[in-house]
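Comments concern the structure below.
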Amino acid sequence: MSAKITKVLFVHGANQANKDKEKNLRTWQEAFDVSKYANKVQQLVEGNYNTDVQAYHKKNHQGRDYPEYSGWMALWYGDVWKNIVAAQTEPFAKRLDENEKSYKAIKNDRNSILEKLEHWVMEKHFDELVPFYELAVINDDGRTFYEAICQQFLNQLIESTNSQHNYVLVAHSMGCAVTYNVMSHISCAQANTGYCLIDGTLSQSYRQAIAEFANSSAKCFGLLTFGNYMGYNWCQRLNNRILFGEYKKQYVYPKAIGRWYNFWTMLGGDPYIIDDRLGNDIVGDKNGRYDDVSVPRMPGTKIGHGRAMWFRRNTFAKKLRDKMFQDLYL
């Protein structure tokens, strides 16, 4: 059992067309500054409580590795979308759907009222999501938008960990899907199983980068998600189709993630989320490493969707800190 140098990587959501890397960093800092409990999250990830974290895990988790927090980074993939839409009137070529066997099922499901509602919410409120899940092809270079986003995230993951330090991922909104997908790629590479087998989804160079990182000494203590729209049926089916070839309402637990804590609030707390609990949809989690963590609120009140709005809620900030302090170990 030992403390492992650990980087904490905060991953933003969609709608970044009017933002940049510096604005993204400021937005995370603003979230940390909204309350004393939010500020304690920042103090924790900067290593100010490492002595207490060590004492806790030595007492409660003997024989396990645990984080020695050494700072945080705000990862940034928003320029992928921003650069594409700025460059062309028609940034995307045809999608890959019609070349794949589940395309007919996707079209049929689009006719249901729920699917139409979910698709409308995605398209209206989250710029990048529809081309991400529908495997839109970027006209400039022929890659899928899905790969371009995942590649940007992976590059920064490699850089921030130097392919040797452990890490914790804290993801908001679309960042939940980006982290889930890349960690699924890493998990499949570690298990030597196939993934993303629809022709054209991922390049060989991306797969090679995934394989190299998967075999490095960098390990993920945990993924913590909030403002998570992944409970939408439409998102689940398309995501499972991309990763594992089945148009099925489920998420396969990525074994490369030590633990996954998903923070949720009752319907109406986050105006863009219909269902942010995933526990009933997770498969392959034989060791019980996934958990939905409730964020209570007074009836009639809302949290909102923005990062600072969630951190302003003390019940969220405190539970996030507690999970990172006590419940991340390998």
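The values are calculated or read from the model by the stated rules, or taken from the named source; none is laboratory data. Computed from a predicted structure; not experimentally measured. Positions of Cβ are backbone-derived with ideal geometry, glycine not excepted, and every protein chain shown enters the neighbour counts.
Each residue in segment 241-262 was checked for being crowded, with 21+ Cβ neighbours inside 10 Å and of a type in the set (S, T, N, Q), and 1 pass.
Annotation: residue 188 fulfils all but one of (1) of a type in the set (A, V, I, L, M, F, W, C); (2) touching a Phe, Trp or Tyr at 6+ places or on another chain (Cβ under 7 Å); (3) within 24 Å of residue 15 (Cα to Cα); the unmet one is (3). Among the residues of segment 21-39, is any of a type in the set (Ser, Thr, Tyr) and within 17 Å of the chain's Cα centre (by Cα)? No, segment 21-39 contains no residue that is of a type in the set (Ser, Thr, Tyr) and within 17 Å of the chain's Cα centre (by Cα). Cβ-Cβ contacts under 9 Å between residues 6 or more apart (or on different chains), taken from a first residue in segment 34-53 that is under 21 Å from residue 2 (Cα atoms) to a second residue that is among the acidic types (Asp, Glu) and at pLDDT 95 or above, are listed as 47/68; 50/68; 53/68.
Filtered by the rule that a residue be surrounded by fewer than 17 Cβ atoms within 10 Å (Cβ to Cβ) and under 25 Å from residue 74 (Cα atoms), segment 295-308 gives a lone residue, 304. Checking each residue in segment 153-169 for being surrounded by fewer than 18 Cβ atoms within 10 Å (Cβ to Cβ), more than 15 Å from residue 4 (Cα to Cα) and touching a helix residue (DSSP H, G or I) at 6+ places or on another chain (Cβ under 9 Å) picks out 155, 158.
Listed by position, the helices (runs of 4 or more DSSP H) enclosed by segment 60-171 that each have at least 2 residues that are at pLDDT 70 or above are 78-87, 129-133, 145-161. Restricting attention to segment 263-284, the residues that are surrounded by fewer than 17 Cβ atoms within 10 Å (Cβ to Cβ) and free of Cβ contacts under 8 Å to residues at least 40 places away in the same chain total 8. Might you check whether a residue that is among the polar types (S, T, N, Q) and surrounded by fewer than 17 Cβ atoms within 10 Å (Cβ to Cβ) occurs anywhere in segment 171-188? Looking through segment 171-188, none of the residues is among the polar types (S, T, N, Q) and surrounded by fewer than 17 Cβ atoms within 10 Å (Cβ to Cβ).
Run residue 4 past the list (1) touching a Lys or Arg at 6+ places or on another chain (Cβ under 8 Å); (2) at pLDDT 95 or above; (3) more than 22 Å from residue 163 (Cα to Cα) and report the number of the one that doesn't hold. Result: residue 4 passes all but (3). The residues of segment 224-237 that are under 14 Å from residue 174 (Cβ atoms) and at pLDDT 90 or above, listed by number, are 225, 226, 227, 228, 230.
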